[in-house]
Amino acid sequence: MVDKTDNKKQAYAKAKSIRTSGQKLNLVAKSIRGCNIKVAIDQLTFSKKRVSREVLKVLNSAIANAENNFGLDIDKLVVSEAYVGKSLVMKRMRARARGRAARILKPFSKLTILLKEIEEGK
């Protein structure tokens, strides 16, 4: 994906259905926004959150896209954007007292990670 406004190459990767709520996923995505690639990988590798493994897979995919599709230098890459959106919601029922039922919502989320190459002078 090439940004039309400033002619800098940007690589991205998307995950369309991660089995967690957007609020929980955004906590992990917030921790890598604006970080260098090495710092972001370390942050996700040692995070205690379960969803950080999925975010790490998407980040590695974005790094591979940047290297193979655009020929960008991995050492100069920065996570410029990492944003989260809602996806589908599985609806389940749980039996309750007196013959009633309660609805359980199991949300899914989308994740997009955008990488940008920075110059040495900046």
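Values computed for the structure shown
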{"quantity": "Residue check for I18: within 26 Å of S87 (Cα to Cα) and aliphatic (A, V, I, L, M)", "calculated": "yes"}
{"quantity": "Residue in the stretch 19-44 that is farthest from L115 (Cα to Cα), counting only those that are more than 10 Å from the chain's Cα centre (by Cα) and small (G, A, S)", "calculated": "S21"}
{"quantity": "Residues being in a helix (DSSP H, G or I) and in contact with a helix residue (DSSP H, G or I) (Cβ under 8 Å, 6 or more places away or on another chain) - total across the stretch 61-74", "calculated": "4"}
{"quantity": "Filter result for the condition that a residue is part of a helix (DSSP H, G or I), hydrophobic (A, V, I, L, M, F, W, C) and surrounded by 11 or more Cβ atoms within 10 Å (Cβ to Cβ), over I41, I113", "calculated": "I41"}
{"quantity": "The stretch 68-110, subset touching a strand residue (DSSP E or B) at 6+ places or on another chain (Cβ under 7 Å) and among the polar types (S, T, N, Q), residue surrounded by the fewest Cβ atoms within 10 Å (Cβ to Cβ)", "calculated": "N69"}
{"quantity": "Whichever residue in the stretch 20-38 is within 13 Å of S109 (Cα to Cα) and of a type outside the set (A, V, I, L, M, F, W, C) and, among such residues, is surrounded by the fewest Cβ atoms within 10 Å (Cβ to Cβ)", "calculated": "Q23"}
{"quantity": "Residue count for the stretch 1-19, restricted to those that are modelled with pLDDT under 95 and surrounded by 13 or more Cβ atoms within 10 Å (Cβ to Cβ)", "calculated": "3"}
{"quantity": "Scan of the stretch 48-66 for residues that are over 15 Å from K38 (Cα atoms) and surrounded by fewer than 19 Cβ atoms within 10 Å (Cβ to Cβ), ordered by number", "calculated": "K48, K49, R50, R53, N65"}
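The values are calculated or read from the model by the stated rules, or taken from the named source; none is laboratory data. Owing to the predicted nature of the structure, the values given are computational and were not obtained by experimental measurement. Heads up, the Cβs are rebuilt from the backbone with ideal geometry, glycines too, and the neighbour counts pull from every protein chain shown.
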